[in-house]
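Participant: Structure provided below as structure tokens; questions to follow.
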Amino acid sequence: MIGKNSLFGPVDPAKEAGYEDHPPRKGFFTDTSICIGCKACEVACKEWNDVPDHGFDMLGSSYDNSHSLNADQWRHVAFIEQPRRTGDQEPGLRRPPVDLGMPTVAPNGNEVTLPDGTVGEKPDFRWLMSSDVCKHCTHAACLDVCPTGSLFRTEFGTVVVQDDICNGCGYCVPACPYGVIDRRKGDTDNGKAILNEGVAQKCTLCYDRLKADQKPACAQACPTESIQYGDVEELRERADRRVAQLHEAGIMDARLYGNDPNDGVGGTGAFFLLLDEPEVYGFPPDPVVTTKDLPHMFNRATAAALAMLAGAAISFLGRRG
Amino acid sequence: MAEAHPVGFQWVVEAKARGAKVIHVDPRFTRTSALADTFVPLRVGTDIVFLGGIINYVLQNELDFRDYVVHYTNAANIVSDDYRDTEDLDGLFSGFDPETRTYDPASWQFAGQERNGSDRQHHATQRETASALQHETHGMSLHADQPRDETLQHPNCVYQILKRHYARYTPETVAEACGVSQEAFLEVCEAWTKNSGRDRTTALVYSVGWTQHSVGVQYIRTGAILQLLLGNMGRPGGGIMALRGHASIQGSTDIPTLFNILPGYLPMPHAEQHTTLEEWVDSVRKPGAKGFWAKAGAYGINLLKAYWGDVATAENDFCFDYLPKITGDHGTYRTVLDMIDGKVKGYFLLGQNPAVGSAHGRAQRLGMANLDWLVVRDLFEIESATFWKNAPEIETGEIVPEECRTEVFLLPAASHVEKEGTFTQTQRMLQWREKALDPVGDCRSELWFFYHLGRMVRERLAGSTEERDRPLLDLAWDYPVHGEHDEPSAEAVLKEINGYDIATGRPLSTFNEMKDDGSTLGGCWIYTGVFKDGVNQAARRKPGKDQSWVAPEWGWAWPANRRMLYNRASADPEGRPWSERKAYVWWDEEAGEWTGHDVPDFEKTKPPSYRPPEGAEGVEGLSGDDPFIMQGDGKGALYVPQGLIDGPLPTHYEPVESPFRNPLYKQQGNPTRKQYDRADNRMNPSPPEEHSEVFPFIFTTSRLTEHHTAGGMSRYLEHLAELQPEMFVEVSPELAAERGLEHNGWCHVVTARAAVEGRVMVTDRLTPLRVEGRTVHQVWLPYHWGSGGMVAGDSANDLFGISLDPNVLIQESKVGTCDVLPGRRPRGAELTSLVAGYRHRAGVDTDVYPPIVTAGAGAVTDDEGNPTDNPSEADT
């Protein structure tokens, strides 16, 4: 049954998927302000879900050697070094920043506008760390475009791939506004058989563990509770309180990402507290479900088809005249 | 802490959420700095200047917690008139003997006690046997009645000496020497002092890299002085916490894997000084001293009874003669050098990978390649088992696989989830581990290995009439075994460690029940109580939310389940909490006993007003306001007259390898350090020697979260190895520009010992510092890689030479000087000649070794404190 908000806007995804009596929606609140970049989440995820290694290359991207979320990386910790002065050291030793003529977010690199309109100073050198994961969108385009029904909405409101149904068509890959879902590549060098080769892969929010009333592996392993698991509704309230607490402590950069049910994907099941603009962490600033305009497009296409038929008919009529 | 102890760091995060301010002092910006409120970078090896500067700030501004300092520390004690400070003698204390480079500590004693403790070992012997600190752990040999001036005005009282000693450690000096701005330094001073006092306490947390310096013990001492001055010891939220490098490192000192101590910190007997049981016990007990070591005889005899059971009787001194005795330096580095020299034939390595993890990797590998046999027990085939076929020395021709004489026995070990037993963590808490899985294949626990090894050796020797075999044959070596592999019972071992009454088998509840007549036995007196009432107390798992905030029913902490040592100091001299907010243990006048949230670390019914009768000694000699009950005088030691080889007060000495002259004294490095001058252990030159500019940069090493120490538990696992797949070297953008290093390209780091290559990581997390008027670059390397595993790479520890702290013989492996060159290092003979070329240019390729004593003429004094001629050349 297609409802008004079935493809866009706030909705309860499990109910929308047809679960009459279902548990509260589950998700992650990842508080990046207390992430220490230990990567325990990456390791716990791989151990529990039998995800293979992703190669042994040093990327030179701070301490990130996992590259991105992909078929072999269902959790990914980003490391962002924001160079300013370190400590209170002699700033004269620094080379002056090169102006690339690009538009910047803040007019002055070291200033930030506070909610009350005053201008404060941004902190010194920062090393931001953030553990990324599938967002389990309220409106999940990957699921909408899946032709086999391999991707499905669980009773917990999460989105899961069924490995044995996926035919590897790959439609879901460009449909994801975050670039999360990915097909697993083979090991061409060794010709070794790889589990789920060619199949679309991503975080399942540990569906098997949820069914057994267990925390997902990453949240269980996180030492600082940067990754918090629970009912999305409760997590959203907790996140609001945390942002308020940080603002009170003068950390005005703190903001939430993905918590708003009115955003382009209807809010995400996995959302984040960030200390800078989403782009800094590699997140799209304003993601929109790629299937949002499907009804509109369908109407347009129908109208165009009708117009074309009408035109054709008219042209025939014209000839007679 | 976030980097190497991410799980423990959760509590810092929690404290932060509750308003705590976190300050991180480190040469480089790490994961910890990322979450700290304030990050202060400093030059490696200048910590005593930094902390000494804070001590000076406290003393100059009289910010010390005066009531605490007067009553609970030795600040009021008056020191001998003969004492001369480093301020007077250019970096040396009085009593220095330039021949042996050790001190006669007579002039360091408290007034009137200059010749006290005549049984003291000579410092030179103590340095060899790492036995000096026994005075510290066992309490100083001090008389109960010390001359004191509680107004702290006497010019020779400890407080005034401390004040003079640190007077030149000013914010300007800190900025000069450490490269820390005065603003950042003062911010730390203010934060620390404002958060200390009656209502507030500050914790000092360090990881054990802090100890790995030629002045390692004095680093910790500086922290201790500061925490005592500010009243942060023995109180909740205070203290000094040492984060250990592995699980149960605390346990491996309590029941030691060290050559100089026996279980429960009893000293290893010395062949010449402890010829009888009585001599040995008295060296611990120190007749006449105050404190709890008075019962050392019982502790020692119970240990001997645990070893030799029925054979140990009062008639044969409880088999004291069976104990192995030490004769000199048997430390790990001496042993490795002896292997190179062919003096050591066999070696056991258990869960240790010295080919990668110990300083001077080349010496480690060459030593192991010159043994008759080597036993390695580990989870994987680590480099210390494969050096004969894949060491870097194969390329240079120094090890030839076909000719390497060492027979290696690699035995697979069970992991921590495949065996039961205890871990003892940094709070001295024992936690019992259940076995989750049976080990696969031939993997076995350590307990299995040693029990059956002992059993088989004893079977081989059975019937021997040789006197030398008696200690082995008489051992009480009978533990119940179970399962198809005859696994010994770990609980039975824990029960023996706890101790029991021999006649009835009743487990002892406290070490006070230990008898010196042979009727009880116990393997480690401080662990007595862990099997109280026949219950494995270490296995308790009551959740924190179901008990008080001290959580006494989770695991078991020694001694006697006390969660905080010296907690008598959490109450004022009258026994009242210093403040409501910081109440922890206090005197209940009505009940006539000490009570509180924790088990009081004090005699339960000794009132605060108690004063010992004339001539009292041992426990009786402690006053009701002497909280530091293991110290010979019951006081916290701001000043240490006995027990430290390098001096009674921490003094800044430059690291053995430094590009800078000591800004405070002419004495450059620690004059008493242990050094092995050998052709295979060259040190880079430091001022005042010439050519230090050949190695212009400072390097330091530490860990990454992703790997575990020498990599034996991480480089062999795909899910960990992929997280940090290559050896790398962190440099600042400025150094990269200066040396032409390209981010993610290659570079190599060179010292007088080795050249090590890695990928370049150019990062703002490292910053050049301004020190003594010039810019200095610091380089950082992780030390996890070696030639084995899924991700191989050069080993950073190859860069270090061997020079040791004189007190405990720990190596200086956190600071050295180096050069950095772009590109990969050369291979084979070219590598050897590159390093040899550096040695030649640095002038360290001859048999002439630079003098260690660089203090000016007149710094060395005779017994009366008069200057004498210094045989070493004064510097210019």
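The values are calculated or read from the model by the stated rules, or taken from the named source; none is laboratory data. None of these values were measured; they are calculated from a predicted model. So basically every Cβ, Gly included, is an ideal-geometry build from the backbone, and we count neighbours across all protein chains shown.
Participant: Go through (1) of a type outside the set (A, V, I, L, M); (2) surrounded by 16 or more Cβ atoms within 10 Å (Cβ to Cβ); (3) not in a helix (DSSP H, G or I) one by one and return the number of the condition A:ASN262 breaks.
Facilitator: (2)
Participant: Tell me, yes or no, whether the range A:249-257 has at least one residue that is part of a helix (DSSP H, G or I) and within 14 Å of another protein chain (Cβ to nearest Cβ). Please lay out each step first, then the result.
Facilitator: The initial filter retains those residues of the range A:249-257 that are part of a helix (DSSP H, G or I), namely none.
No: the range A:249-257 contains no residue that is part of a helix (DSSP H, G or I) and within 14 Å of another protein chain (Cβ to nearest Cβ).
Participant: Could you please let me know if B:LYS495 is among the basic types (Lys, Arg) and farther than 22 Å from B:GLY251 by Cβ? Lay out the reasoning, then the answer.
Facilitator: Details: among the basic types (Lys, Arg): yes; farther than 22 Å from B:GLY251 by Cβ: no.
No: the conditions fail for B:LYS495.
Participant: To continue, here is another question. Would you mind finding the one in A:ASP12, A:ASP57, A:ASP99, A:ASP21 that is more than 11 Å from chain B (Cβ to nearest Cβ), modelled with pLDDT under 95, loosely packed, with under 14 Cβ neighbours inside 10 Å and farther than 28 Å from A:GLU277 by Cβ? Break it down into steps so the answer makes sense when it comes.
Facilitator: Values: A:ASP12 fails: loosely packed, with under 14 Cβ neighbours inside 10 Å; A:ASP57 fails: more than 11 Å from chain B (Cβ to nearest Cβ); A:ASP99 fails: farther than 28 Å from A:GLU277 by Cβ.
Sole residue among the options that is more than 11 Å from chain B (Cβ to nearest Cβ), modelled with pLDDT under 95, loosely packed, with under 14 Cβ neighbours inside 10 Å and farther than 28 Å from A:GLU277 by Cβ: A:ASP21.
Participant: Taking into account only those residues within the range B:667-696 that are charged (D, E, K, R) and within 30 Å of B:ASP85 (Cβ to Cβ), which is surrounded by the most Cβ atoms within 10 Å (Cβ to Cβ)?
Facilitator: Narrowing the range B:667-696 to residues charged (D, E, K, R): B:673-674, B:677-678, B:680, B:682, B:689-690, B:693.
Filter once more, so that each one left must be within 30 Å of B:ASP85 (Cβ to Cβ): B:673-674, B:677, B:689.
Details: B:ARG673: 22, B:LYS674: 26, B:ASP677: 13, B:GLU689: 17.
So, considering only residues that are charged (D, E, K, R) and within 30 Å of B:ASP85 (Cβ to Cβ), the one surrounded by the most Cβ atoms within 10 Å (Cβ to Cβ) is B:LYS674.
Participant: What residue, of B:LEU243, B:LEU228, is surrounded by fewer than 22 Cβ atoms within 10 Å (Cβ to Cβ) and either at pLDDT 95 or above or of a type in the set (A, V, I, L, M) (or both)? Don't jump to the end; show me each part of the working.
Facilitator: Details: B:LEU228 fails: surrounded by fewer than 22 Cβ atoms within 10 Å (Cβ to Cβ).
One residue alone meets the criteria, B:LEU243.
Participant: Which of the numbered conditions does B:VAL58 fail, given that it passes all the others? Conditions: (1) over 23 Å from the mean Cα position of the chain (by Cα); (2) surrounded by fewer than 20 Cβ atoms within 10 Å (Cβ to Cβ); (3) among the hydrophobic types (A, V, I, L, M, F, W, C).
Facilitator: (2)
Participant: Output the number of residues of the range B:270-312 satisfying the condition of being within 17 Å of B:ILE255 (Cβ to Cβ) and not in a helix (DSSP H, G or I).
Facilitator: Within the range B:270-312, residues that are within 17 Å of B:ILE255 (Cβ to Cβ) and not in a helix (DSSP H, G or I) number 0.
Participant: Farther than 30 Å from B:SER702 by Cα, of a type in the set (Phe, Trp, Tyr) and touching a residue at least 24 places away in the same chain (Cβ under 8 Å): which single residue out of B:TYR159, B:TYR265 fits that description? Before you say what the answer is, go through the steps one by one.
Facilitator: Details: B:TYR265 fails: farther than 30 Å from B:SER702 by Cα.
None of the others qualify; the one that does is B:TYR159.
Participant: Just one of B:GLU172, B:GLU183 is among the acidic types (Asp, Glu), assigned to a helix (DSSP H, G or I) and within 14 Å of chain A (Cβ to nearest Cβ); which is it? Can you show your working first?
Facilitator: Values: B:GLU172 fails: within 14 Å of chain A (Cβ to nearest Cβ).
Only one candidate passes the filter, namely B:GLU183.
Participant: Going through the range B:19-31 one residue at a time, which ones are buried (at least 22 other Cβ atoms within 10 Å of the Cβ) and either facing chain A (nearest Cβ under 8 Å) or among the basic types (Lys, Arg) (or both)?
Facilitator: B:PHE29, B:ARG31
Participant: Let me ask another. Of everything in the range B:762-798, what is under 29 Å from the mean Cα position of the chain (by Cα) and of a type in the set (Asp, Glu)? Give them in sequence order.
Facilitator: B:ASP794, B:ASP798
Participant: Now for a separate question. Please go through the range B:833-861 and give me each residue that is in a helix (DSSP H, G or I) and under 34 Å from the mean Cα position of the chain (by Cα), ordered by number.
Facilitator: B:VAL835, B:ALA836, B:TYR838, B:ARG839, B:ALA842
Participant: So, one more: Can you find, within the range B:723-744, the residue that is farthest from B:ARG28 (Cα to Cα) among those that are small (Gly, Ala, Ser) and surrounded by 22 or more Cβ atoms within 10 Å (Cβ to Cβ)? Even if it seems obvious, please write down each step before you answer.
Facilitator: Taking the range B:723-744 first, the residues small (Gly, Ala, Ser) are B:732, B:736-737, B:740.
This time we only want the ones that are surrounded by 22 or more Cβ atoms within 10 Å (Cβ to Cβ), so: B:732, B:736.
Working: B:SER732: 10, B:ALA736: 16 Å.
By that ranking, first place goes to B:ALA736.
Participant: What is the one condition in (1) touching a residue at least 60 places away in the same chain (Cβ under 8 Å); (2) within 14 Å of another protein chain (Cβ to nearest Cβ); (3) over 21 Å from B:VAL656 (Cα atoms) that B:GLY245 does not satisfy?
Facilitator: The failed condition is (2).
Participant: Is it the case that some residue within the range A:278-301 is exposed (fewer than 14 other Cβ atoms within 10 Å of the Cβ), in a helix (DSSP H, G or I) and within 16 Å of the chain's Cα centre (by Cα)?
Facilitator: Yes, the conditions are met somewhere in the range A:278-301.
Participant: Return the residue satisfying two criteria in turn: it lies in the range A:60-78 and is more than 10 Å from every other protein chain (Cβ to nearest Cβ) and either among the acidic types (Asp, Glu) or not in a loop (DSSP other than H, G, I, E, B) (or both), and of such residues it is surrounded by the fewest Cβ atoms within 10 Å (Cβ to Cβ). First the steps, then the outcome.
Facilitator: Initially, the range A:60-78 is screened for residues more than 10 Å from every other protein chain (Cβ to nearest Cβ), giving A:67-71, A:74-76, A:78.
Filter again for either among the acidic types (Asp, Glu) or not in a loop (DSSP other than H, G, I, E, B) (or both), leaving A:70, A:75-76, A:78.
Numbers: A:ASN70: 19, A:ARG75: 29, A:HIS76: 22, A:ALA78: 23.
Among those that are more than 10 Å from every other protein chain (Cβ to nearest Cβ) and either among the acidic types (Asp, Glu) or not in a loop (DSSP other than H, G, I, E, B) (or both), it is A:ASN70.
Participant: Mind listing just one residue for me: the one in the range B:1-18 that is facing chain A (nearest Cβ under 10 Å) and part of a helix (DSSP H, G or I) and, of those, surrounded by the most Cβ atoms within 10 Å (Cβ to Cβ)?
Facilitator: Restricting to residues being facing chain A (nearest Cβ under 10 Å) and part of a helix (DSSP H, G or I), the top hit is B:PHE9.
Participant: Among the candidates B:TYR57, B:TYR68, B:TYR83, single out the residue that is farther than 28 Å from A:CYS41 by Cβ and in a loop (DSSP other than H, G, I, E, B).
Facilitator: It is B:TYR83.
Participant: Turning to a different aspect of this structure: When residues of the range A:24-51 are filtered for being surrounded by fewer than 18 Cβ atoms within 10 Å (Cβ to Cβ) and within 9 Å of chain B (Cβ to nearest Cβ), how many remain?
Facilitator: 1
Participant: Go through the residues of the range B:35-46 one by one and say whether even a single one is at the interface with another protein chain (Cβ under 8 Å from one of its Cβ atoms), part of a helix (DSSP H, G or I), without any contact (Cβ under 8 Å) to a residue 12 or more places away in the chain and not small (Gly, Ala, Ser).
Facilitator: So far as the range B:35-46 goes, no, none of its residues is at the interface with another protein chain (Cβ under 8 Å from one of its Cβ atoms), part of a helix (DSSP H, G or I), without any contact (Cβ under 8 Å) to a residue 12 or more places away in the chain and not small (Gly, Ala, Ser).
Participant: What do you reckon, is B:LYS582 surrounded by fewer than 22 Cβ atoms within 10 Å (Cβ to Cβ) and more than 30 Å from B:GLY45 (Cβ to Cβ)? Give the steps one after another, and end with the answer.
Facilitator: On the way: surrounded by fewer than 22 Cβ atoms within 10 Å (Cβ to Cβ): yes; more than 30 Å from B:GLY45 (Cβ to Cβ): yes.
Spelling it out, B:LYS582 is indeed surrounded by fewer than 22 Cβ atoms within 10 Å (Cβ to Cβ) and more than 30 Å from B:GLY45 (Cβ to Cβ).
Participant: Quick one: which strands (runs of 3 or more DSSP E) lie wholly within the range A:125-184 and hold at least 2 residues that are under 25 Å from A:GLY37 (Cα atoms) and within 14 Å of another protein chain (Cβ to nearest Cβ)?
Facilitator: Details: elements: A:126-133, A:151-153, A:159-161.
Where strands (runs of 3 or more DSSP E) fall fully within the range A:125-184 and carry at least 2 residues being under 25 Å from A:GLY37 (Cα atoms) and within 14 Å of another protein chain (Cβ to nearest Cβ), they are A:126-133.
Participant: Moving on. Could you tell me which of the residues B:ASP149, B:ASP145, B:ASP119 is among the charged types (D, E, K, R), at pLDDT 85 or above and surrounded by fewer than 23 Cβ atoms within 10 Å (Cβ to Cβ)?
Facilitator: After ruling out the rest, the residue left standing is B:ASP149.
Participant: Among the residues of the range B:367-413, write down those that are free of Cβ contacts under 8 Å to residues at least 24 places away in the same chain and part of a loop (DSSP other than H, G, I, E, B). Reasoning before the result, please.
Facilitator: Narrowing the range B:367-413 to residues free of Cβ contacts under 8 Å to residues at least 24 places away in the same chain: B:388-389, B:394, B:400-403.
Correct list: B:VAL400, B:PRO401, B:GLU402, B:GLU403.
Participant: Follow-up question, since we're still on this one. From the residues in the range A:144-158 that are of a type outside the set (Gly, Ala, Ser), closer than 14 Å to A:ALA17 by Cα and at pLDDT 95 or above, which one is farthest from the chain's Cα centre (by Cα)? Before you say what the answer is, go through the steps one by one.
Facilitator: Step one: list which residues in the range A:144-158 are of a type outside the set (Gly, Ala, Ser), which gives A:144-148, A:151-156, A:158.
Still in the list and also closer than 14 Å to A:ALA17 by Cα: A:144, A:151-156, A:158.
Okay, now just the ones that are also at pLDDT 95 or above, so A:151-156, A:158.
Numbers: A:LEU151: 17, A:PHE152: 17, A:ARG153: 16, A:THR154: 18, A:GLU155: 20, A:PHE156: 18, A:THR158: 13 Å.
Among those residues, the one meeting the criterion is A:GLU155.
Participant: Could you pull out every one of the strands (runs of 3 or more DSSP E) wholly within the range B:692-787 that has 2 or more residues that are among the aromatic types (Phe, Trp, Tyr) and more than 8 Å from every other protein chain (Cβ to nearest Cβ)? Full working, then the answer.
Facilitator: On the way: elements: B:697-702, B:728-731, B:746-750, B:755-762, B:769-771, B:774-776, B:778-782.
Qualifying strands (runs of 3 or more DSSP E): B:697-702.
Participant: Within the range B:225-245, can you find the residues that are under 19 Å from B:ALA20 (Cα atoms) and of a type in the set (Lys, Arg)?
Facilitator: Applying the first criterion (under 19 Å from B:ALA20 (Cα atoms)) to the range B:225-245 yields B:227, B:230-233, B:235-241.
Residue satisfying the conditions is B:ARG235 alone.
Participant: Picking from B:THR426, B:THR422, which residue would you name as being polar (S, T, N, Q), assigned to a loop (DSSP other than H, G, I, E, B) and in contact (Cβ under 8 Å) with a residue 12 or more places away in the chain?
Facilitator: On the way: B:THR422 fails: assigned to a loop (DSSP other than H, G, I, E, B).
None of the others qualify; the one that does is B:THR426.
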